[in-house]
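Participant: Starting off with a structure, shown below.
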Amino acid sequence: MSRKILKIGVLTSGGDAPGMNAAIRAVVRTATYHQLEVIGIRRGFKGILEQDFISLKPRDVGNIIQRGGTMLLTARSEDFKTPKGLKQAVCNLESAGIDAVIVIGGDGSMHGAAALEARSIRAVGIPATIDNDIQGTEICLGVDTCLNTIINAVDKLRDTALSHERIFVIEVMGNGSGYLAIEGAIAAGAESVIIPEMKWSIADIGNRVARGYQKGKKSHIILVSEGAAKADDVAKAIIKETGMEVRITVLGHVQRGGSPTVRDRNLGTRFGYEAVNCLVKNDTGNMVGILNNRLSYSPLSEITTSSQIDKKMYQAIQNILSV
C-alpha cells in the first residue's frame, strides 16, 4: 500500500447530483498538476467490471463545471457487491494500471470505495447525494442546487394556491431522510411538513389547516418527504378529514437536474482538489467532507447514513412559523 500512486481512476456512482462535474474537473486538473495520469470510469462500479475506461486530460473536462448530472454517467451494480464481482473489479483496475480511485456518490458508493481500499486499490470518497444523509459531513454535493429547485417550484405553486385559496401537498425526494422537506419548508414558509424522522397525524394537520383559514390564511402548503408518505395518500386523507379542496404536486427527478449553484460548484471543486491531495500524500481510505465549514476526513469503513434534520426547526415550523 506504500507504493507511489501514478495513475488514478475517478467515477460517479448511484444517483446523480449537481456538482459532480465540478468535482471531476477538479480531480483531473489537480491530478495533472501533480503529474498523475487520470482514467475516467464510466457508469460507476459497473464500468469497472465492464472496463469502460477513458483517458481524461484538462481539456476533456473544460466547460463542464456549469453542467448538471455527470459526464462520466452513473449506474448501480449488484454484481460489484458480490465476492466474485469485487475480485474481478480489483483485477480489472490492476490490469489497467490504476493504483487508486476517487469515488463520488452516496453511502453505497462510499461502501464500495471502502471495499476497494481493503483489497489493495487505494480509495478516497467524495459525498454526493441530494438526500444529505451521510455521516461525516454536514453537507453533501448536490443538496444546495436541489433545495433551490424545490424552492423555485414551491414559490410558483404558492401563487396558484393563493389565487384559488387551496391546500397544496408537495412531495419532495429524500428516501429515508427528511432533510430536503424540512429545509425546503423553512425557506418556502410552508405551513406543515411531513418527514420520516418525526411522528405525524392527519388529524394534527387538519386542525392546523382549519386554524389557519380561521385566522385569514388563503392557502396551506404541506411539504412531504417521499420516505414518510406519498402526496396522493396525504391529500386523500386531508380531504376526508377537512372536506376541503386539495391539489398535489410530485417534484420527482426534476430535483436532481439543472445547473449547479455557486455553493455546489465550489464544494465540488474543493472536494475534488482535496481528494487528489489525499492521494498524493498517500492518505487514503477516507471520505472528504465538511464539518464546521472546514474540510474533514472520515474513514470510509465507518461511513453510514445519518439524519441531518434540525428537530427544533421542525417544531418551529409546526407551532410558530406557520401561524
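A short reminder: the numbers here are calculations on the coordinates, not readings from a lab. Predicted model, so just to flag it, every value in this text is computed and none were measured. All Cβ positions, glycine included, derive from the backbone under ideal geometry; neighbour counts span all protein chains shown.
Participant: Counting each DSSP H run of 4 or more residues in the chain as -39500 (n - 2.57), what helix-only mean residue ellipticity at 222 nm follows after dividing by all residues, to the nearest 500 deg cm²/dmol? Don't skip to the answer; put the middle values down first.
Facilitator: On the way: 10 runs with 126 residues, N = 323.
The helix contribution divided over the chain gives -12500 deg cm²/dmol.
Participant: Just to be sure I understand the rule: take each whole DSSP H helix in the chain, project its Cα atoms onto its long axis, keep it if the span is 30 Å or more and its mean Kyte-Doolittle hydropathy is at least 0.0. Which ones pass? All intermediate terms of the calculation are to be shown ahead of the outcome.
Facilitator: Values: long enough: 143-164 (31 Å, 0.13).
For the chain, where a helix must reach 30 Å along its axis and average at least 0.0, the hits are 143-164.
Participant: Any idea what % of Cα-Cα pairs in segment 146-256 are farther than 16 Å? Write down the numbers at each step before the final one.
Facilitator: Working: 3222 of 6105 pairs.
Every Cα pair in segment 146-256 considered, those over 16 Å come to 53 percent.
Participant: Roughly how big is the chain's charge dipole about its Cα centre, with Cβ charges of +1 (Lys, Arg) and -1 (Asp, Glu), in debye to the nearest 20?
Facilitator: Numbers: 38 positive and 33 negative charges, 92 e Å.
I would put it at about 440 debye.
Participant: Another question about this same structure. What is the Cα centroid distance between segment 154-169 and segment 266-323, reported in whole angstrom?
Facilitator: 34 Å
Participant: When a/c is below 1.5 the answer is rounded, else prolate if a/b is larger than b/c, else oblate, so apply that to segment 21-142 with a ≥ b ≥ c taken from the square roots of the Cα gyration tensor eigenvalues. Mind showing how you got there, number by number?
Facilitator: Numbers: a/c = 1.62, a/b = 1.12, b/c = 1.45.
Oblate shape, in that a/c is at least 1.5 and b/c is the bigger or equal ratio.
Participant: In addition: If the reach is capped at under 22 angstrom between alpha carbons, list the lysines near LYS311, excluding any in the same chain fewer than eight residues apart.
Facilitator: LYS199, LYS230
Participant: Decide, for segment 1-93, between rounded, prolate and oblate: order the square roots of the alpha carbon gyration tensor eigenvalues as a ≥ b ≥ c, take rounded if a/c falls under 1.5, and otherwise choose prolate if a/b is larger than b/c, else oblate. Let's see the in-between values first.
Facilitator: Working: a/c = 2.43, a/b = 1.23, b/c = 1.97.
Oblate shape, in that a/c is at least 1.5 and b/c is the bigger or equal ratio.
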